[in-house]
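Remarks on the structure that follows.
Each value in this text was obtained by applying a stated rule to the coordinates, not by laboratory testing. Nothing here was measured: the structure is a model prediction, and the numbers come from that model. No Cβ is skipped: glycine too gets one built from the backbone with ideal geometry, and neighbour counts run over all protein chains shown.
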Amino acid sequence: MKIFALLAAIMLNVTLYAQTSLKFCVQVDTASGTCTKPTNEFAVSKEGGTISMKLSNDSTFQTEHVRYKIYFVDATGNEALSQTLEQTVQPQWTYAWQDVVFYNSGLYKVMAYSVTDDKETFINSAVLKILEP
């Protein structure tokens, strides 16, 4: 019975977030949700550059909090947590956006989670490359 409940919970999470995407862009139009100039590569100066992350779902998020964990990926593929961002969302939203500042070039992996009672449920992930100008 416990295995059935666990499988049902996993299937529910997969169903809720199966059509979710995480994109990077210059900015997100807050009215339409349009991601301006989406790409996975950005050049930023040493003073830093702001990049918008857009998390979209074909359905609704059904959560009030999203957590983004940003990992720096070194040349051998090892990941080190660079920063964590928290965002309050409305459960009925179909997209959310978060601006983040990057200072260093390299490869980054961003993982998005819904958070309920401090329990994380994976939503989606994407890789971003920060280039020197």
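Given the Cα-Cα distance of T36 and A75 and 0.36 nm per residue of separation, how much length would full extension add, in nm?
Working: separation 39, 0.36 × 39 = 14.04 nm, distance 2.96 nm.
Fully extending the segment from T36 to A75 adds 11.1 nm.
For the chain, with a Gaussian network of springs between Cα atoms less than 10 Å apart, report the residue from N78, N40, N104 with the top mean-square fluctuation.
N78
Thinking of the chain as a set of Cα atoms, what percent of all their pairs are more than 19 Å apart?
52 percent
For the chain, what does -39500 (n - 2.57) per DSSP helix run (n ≥ 4), summed and divided by total residues, give at 222 nm, in deg cm²/dmol to the nearest 500?
Value at 222 nm, helices only, nearest 500: -4000 deg cm²/dmol.
Subtract the Cα-Cα distance of Y103 and S125 from 0.36 nm times their separation in residues, and report this length gain in nm to one decimal.
In short, 5.9 nm is gained.
List M53, M111 from most exposed to least, where exposure is judged by having the fewest other Cβ atoms within 10 Å.
Least to most surrounded, the residues fall as M111, M53.
In whole Hz and in residue order, list the ³J(HN,Hα) couplings for segment 106-112 that follow from phi through the Karplus curve 6.51 cos²θ - 1.76 cosθ + 1.60, θ = phi - 60°; x for Gly and Pro.
x, 9, 10, 10, 10, 10, 10
What is the distance, in nm, between label points placed 7 Å from the Cα along the Cα-to-Cβ direction at T84 and at K46?
It is 3.1 nm.
At a Cα cut-off below 25 Å, give the lysines reachable from K46, other chains included and same-chain residues fewer than 8 away excluded.
K46 reaches K23, K37, K54, K69, K109, K129.
Please determine, in degrees from 0 to 90 and to the nearest 10, the orientation of helix 2-17 with respect to the longest principal axis defined by the Cα atoms of the chain, where the helix direction is its Cα long axis.
So the inclination is approximately 40 degrees.
Given 0.36 nm per residue, what is the gain on full extension from T60 to T116 after removing their alpha carbon distance, in nm?
Here the answer is 18.7 nm.
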